[in-house]
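Heads up: the structure comes next, in structure tokens.
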Amino acid sequence: FFFFFFFLFPPMPKRRDNKARSANGDEFFKKLQLEVKQFAATAMESNQRWNWEQREAEKLGAKRKTTARTPIKIMKGMLAKQKERDTKYAEATAHSGVFVPRKVNPLLPRKRTREE
């Protein structure tokens with residue numbers, strides 16, 4: 001009777017440790033993902049590639065590079081000079097009769113005109 005029972009329901013094969021197998025699979029996919037990211041970085045523009053390299057270096061433990069900031073007093077002077085240059089340019093173009101379209105910020109909503 002035992003043999004017949006054994007024939008109908010054979011013992012299940014011993015399962016291997018799934019944790020070890022999944023860890024190896026995770027490593028494989030992580031390496032594959034890193035290779036894909038490195039390949040994609042070759043097609044990036046210079047500033048995007050630089051940012052990507054900085055992020056990768058930070059993941060490895062490097063310090064984040066900070067950009068040099070301009071003091072407020074100097075920045076205010078720079079903005080005032082730029083505004084002065086812009087008004088001077090606008091006056092020169094207005095007197096010469098040349099039509100110069102205004103720069104429009106695409107992020108801001110458009111102002112509706114009466115025709116719309």
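The values are calculated or read from the model by the stated rules, or taken from the named source; none is laboratory data. These figures come from a predicted structure and were not determined experimentally. Heads up, the Cβs are rebuilt from the backbone with ideal geometry, glycines too, and the neighbour counts pull from every protein chain shown. Ligands, DNA and RNA are stripped out before the accessible areas are found, and what is left, the full protein with its side chains, is counted by its heavy atoms. Shrake-Rupley method; radii C 1.70, N 1.55, O 1.52, S 1.80 Å.
Among the residues of the range 41-48, not a single one is at pLDDT 90 or above, assigned to a helix (DSSP H, G or I), open to solvent by less than 90 Å² (accessible area, probe 1.4 Å) and out of contact with any Leu (no Cβ under 8 Å at 6 or more places or on another chain). Entry remark, the range 80-116: residues being assigned to a helix (DSSP H, G or I) and either touching a Gly at 6+ places or on another chain (Cβ under 9 Å) or among the aromatic types (F, W, Y) (or both) number 1 in total.
Considering only the range 49-63, state which residues are within 20 Å of Q38 (Cα to Cα) and assigned to a loop (DSSP other than H, G, I, E, B).
Passing the criteria: L60, G61, A62.
Picking from residues in the range 64-77 that are open to solvent by 90 Å² or more (accessible area, probe 1.4 Å) and part of a loop (DSSP other than H, G, I, E, B), the one that is farthest from K30 (Cα to Cα) is R69.
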